[in-house]
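S.K.: Before I ask anything, let me first share the structure, which is written out below as structure tokens.
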Amino acid sequence: MTLLENKHAVVYGAGGTVGQAVARAFARDGARVSLAGRTRASLDELAREIHDEGGDVADIAEVDALDASALDRHADRLVEEVGAIDICFNAVGDETTFGRLIELPFADFVRPVTRLVTAHFLIASAVARHMIDRNSGVILTMTGSGVPAAGMGGAMTAWAAVDALCGQLARELGPFGIRVLWLRSNGVSASGGDPAERERSMLHRLASPDDVGKVASFLASDQAATMTATAANITSGAEVG
């Protein structure tokens with residue numbers, strides 16, 4: 001039996017590098033996968049690739065991660081047409097303007113904070129309503145390293161806010177059998193990433209998209225049934241703890 005056999009997983013932000021990798025990993029590990037994102041063409045291409053690899057794509061949808069009504073309608077339709085949502089992975093990006101904090105206009109600083117917190121709150125709310133009905137489910141997302149770094153604009157504040165949001169969701173949803181976890185990286189790169197960034201990690205590498213997908217599959221599986229309210233550290237030792 002594969003890790004995610006008989007599970008239905010929806011990936012939001014499935015058109016991006018991380019979303020694509022996680023969707024492929026879920027499908028390889030036996031899940032039926034629903035793909036949601038802003039650009040239909042990239043979702044269709046990913047679906048073809050998953051089909052070619054023998055995976056099962058249950059649904060494809062263009063969904064605005066900042067539109068509460070659209071997200072609610074999408075989750076309702078998935079449950080009605082595809083079946084229960086067992087796993088949700090949020091790979092929505094943060095749209096950061098990089099630079100020193102004191103040199104950034106406030107609008108540029110707060111944009112990733114507002115975008116990420118809004119998207120994560122709305123997506124979790126939309127799927128959790130259905131998970132509560134079944135007393136089971138896994139909500140996963142991606143954040144960044146908590147090690148302070150210069151020039152990151154509002155990204156680190158946004159990641160910290162999402163960490164806190166996920167922790168509170170885990171506390172409130174735990175009694176309903178719902179687990180909430182997040183993957184914390186210091187960058188994802190298929191080519192190894194910036195040499196200076198690699199050097200800061202103990203393993204002298206960044207996580208690859210495939211690394212992210214494998215960890216996400218494990219966390220979503222019953223093998224991680226006692227894990228919630230915690231980050232999976234995939235920083236290759238750049239962040240300790």
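Every number in this text was worked out from the coordinates using simple rules, so none of it is lab data. Please read these numbers as outputs of a predicted model, since none were measured by experiment. Using ideal geometry, Cβ is built from the backbone for each residue, glycine included, and neighbour counts are taken over all protein chains shown.
S.K.: Under a Cβ-Cβ cut-off of 15 Å, what is the net charge of the residues other than residue 96 that fall near it, where Lys and Arg count +1 and Asp and Glu count -1?
M.R.: -1
S.K.: Efficiency by 1/(1 + (r/R0)^6): what FRET value for residue 149 and residue 41, r their Cβ-Cβ distance, R0 = 30 Å, to the nearest 0.05?
M.R.: 0.35
S.K.: Give the range of the longest stretch in the chain that excludes all GluC sites (Glu not before Pro) found in loop regions by DSSP and having at most 15 other beta-carbon atoms within 10 Å.
M.R.: It runs 96-241.
S.K.: How big is D for the stretch 122-202, in µm² s⁻¹ as a whole number, if Stokes-Einstein is applied with the Kirkwood radius of its Cα pairs at 10 °C and 1.306 mPa s?
M.R.: Approximately 110 µm²/s, per Stokes-Einstein.
S.K.: Mind ranking 227-233, 64-70 by how tightly packed they are, going by the mean number of other C-beta atoms within 10 angstrom, highest first?
M.R.: Ranking, from highest mean packing down: 227-233, 64-70.
S.K.: Hey, can you rank 114-123, 203-212 by average C-beta count inside 10 Å, highest first?
M.R.: The most tightly packed comes first, giving 114-123, 203-212.
S.K.: Using helices alone, what [θ] at 222 nm do you get for the chain, with -39,500 (n - 2.57) per DSSP H run of 4 or more residues, divided over all residues and rounded to the nearest 500?
M.R.: Calculated from helices alone, the mean residue ellipticity at 222 nm is -14000 deg cm²/dmol.
S.K.: Working from the alpha-carbon coordinates of the stretch 15-125, get Rg over Rh, Rh being the Kirkwood radius.
M.R.: Expressed as Rg/Rh, it is 1.04.
S.K.: Moving on. Among 105-113, 213-221, how do they line up from the highest to the lowest mean number of other beta-carbon atoms within 10 Å?
M.R.: The packing order, highest mean first, is 213-221, 105-113.
S.K.: Now for a separate question. Only sites in a loop by DSSP and with at most 13 other Cβ atoms within 10 Å count here; which chymotrypsin sites (Phe, Trp or Tyr not before Pro) in the stretch 13-98 make the cut?
M.R.: Passing sites in the stretch 13-98 are 98.
S.K.: Same structure again: So, with +1 on the Cβ of K and R and -1 on the Cβ of D and E, and no other charges, what is the size of the charge dipole of the chain about its Cα centre, to the nearest 20 debye?
M.R.: For this selection, approximately 480 debye.
S.K.: Additional query: Quick one: Debye curve from the alpha-carbon atoms of the stretch 1-55 only, equal weights, vacuum; give me log10 I(q)/I(0) at q = 0.14, 0.21 Å⁻¹ to two decimals.
M.R.: So the normalised log intensities work out to -0.30, -0.66.
S.K.: Under the 0.36 nm per residue contour assumption, what length would be gained going from the current alpha-carbon distance of residue 73 and residue 133 to full extension?
M.R.: Residue separation times 0.36 nm, minus the Cα-Cα distance, leaves 19.9 nm.
S.K.: Now, a different point. Share of antiparallel DSSP beta bridges in the chain, in percent to the nearest 5?
M.R.: The antiparallel fraction comes to roughly 0 percent.
S.K.: What is the Cα centroid distance between the stretch 85-121 and the stretch 134-151, reported in whole angstrom?
M.R.: Measuring centre to centre over Cα atoms gives 12 Å.
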